[in-house]
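Structure first, commentary second.
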Amino acid sequence: MRLLLSMLFLGLLYIPVSAQITPPGLGEVNSSGWFAVGVKEDLNAEKHLTSTTFIGIGSTNSPGSDNPFGRGTIYVFNQEIEHRFAKHWKYSGALSYRWQNQFNEEPPYDARQEVRVYGRYSYLHPGEFISFSFTFRPELRLFYTPGFEPYKKKAQFRGRLSGKMTINLNPDKTQKLITAAEVLYAADKKEHWDTWEYGESRFSVYYSLNLPKQDVTLNFGYMNNLLGNDFSQDAHYVAFDIIFKNLFRSGK
């Protein structure tokens, strides 16, 4: 039943970084908290070329607790350049750096660094009341120890299929309800790259509030992360992010 729901949601939803900064999946945890601050700059308004930069901090529950803020787990820096070249189409490229603490059942714990390169290619269907879009996101992930030596899992190529539906809650479109879903599959660098495996699905709902006078958007959300082919593990994420628009524009 959950697989069927996943397929139904996938036809409706997508998560772009320009709307909200969704939390990264943190694996087999019970609960997680996520906070991010981003800046979106118009590099060329006529050509619809934008830059989005954000930093984010994620936490997870400690053993025996459901508190999503129990211990700091991941720190993210992300830079993405986006070009909307037609009414219904856009693409982007990005570079991301992540430091993630790896918690085993017993100490000592370890950590890993990740450098990620990814792109997006999206179809958009804007509307007055409801908008929706679809995207394909390929990404290459390279893993390192804290000393920048190769980590246990050296590299991974991952594909993401996702969708989004946005509902305007008021006439001036400053308040929105955003529902989203994403399916992830991956191939690891072992002996070959030819084995693709389904990994997880992510479903989220956000309330987005835009403050036009301040050029600021506030996003409050929840994400459910279903792991494995049988959905045997799921995690609950609470998220909040702030996005400033054209913060460095001269004369502002």
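The values are calculated or read from the model by the stated rules, or taken from the named source; none is laboratory data. Just so it is clear, the model here is predicted, and its values are computed rather than measured. Cβ sites come from the backbone with ideal geometry, for glycine too, and all protein chains shown count toward neighbours.
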| note | Given the conditions (1) touching a Ser or Thr at 6+ places or on another chain (Cβ under 8 Å); (2) buried (at least 18 other Cβ atoms within 10 Å of the Cβ), every one holds for Arg98 apart from (1)
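Consider Leu218 carefully, then state whether it is among the aliphatic types (A, V, I, L, M) and touching an Asp or Glu at 6+ places or on another chain (Cβ under 6 Å). Give the steps one after another, and end with the answer.
Details: among the aliphatic types (A, V, I, L, M): yes; touching an Asp or Glu at 6+ places or on another chain (Cβ under 6 Å): no.
Criteria not met by Leu218.
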| said: Conditions first: (1) within 19 Å of Asn224 (Cβ to Cβ); (2) surrounded by fewer than 18 Cβ atoms within 10 Å (Cβ to Cβ). Pro23 passes all but one, so which condition is the exception? | reply: (2)
| Could you count how many residues in the stretch 36-50 are assigned to a strand (DSSP E or B), in contact (Cβ under 8 Å) with a residue 40 or more places away in the chain and under 25 Å from Gly163 (Cβ atoms)? | 3
| request: Consider only pairs whose beta carbons are under 6 Å apart and that are at least six residues apart or on different chains; among these, list those whose first residue lies in the stretch 109-132 and is more than 17 Å from Gly159 (Cβ to Cβ) and whose second residue is among the β-branched types (Val, Ile, Thr) and modelled with pLDDT of 95 or more. | output: Ile130/Ile167; Ser131/Thr166
| task | Determine whether the stretch 138-157 contains at least one residue that is touching a residue at least 24 places away in the same chain (Cβ under 8 Å) and closer than 28 Å to Ser208 by Cα. | result | no
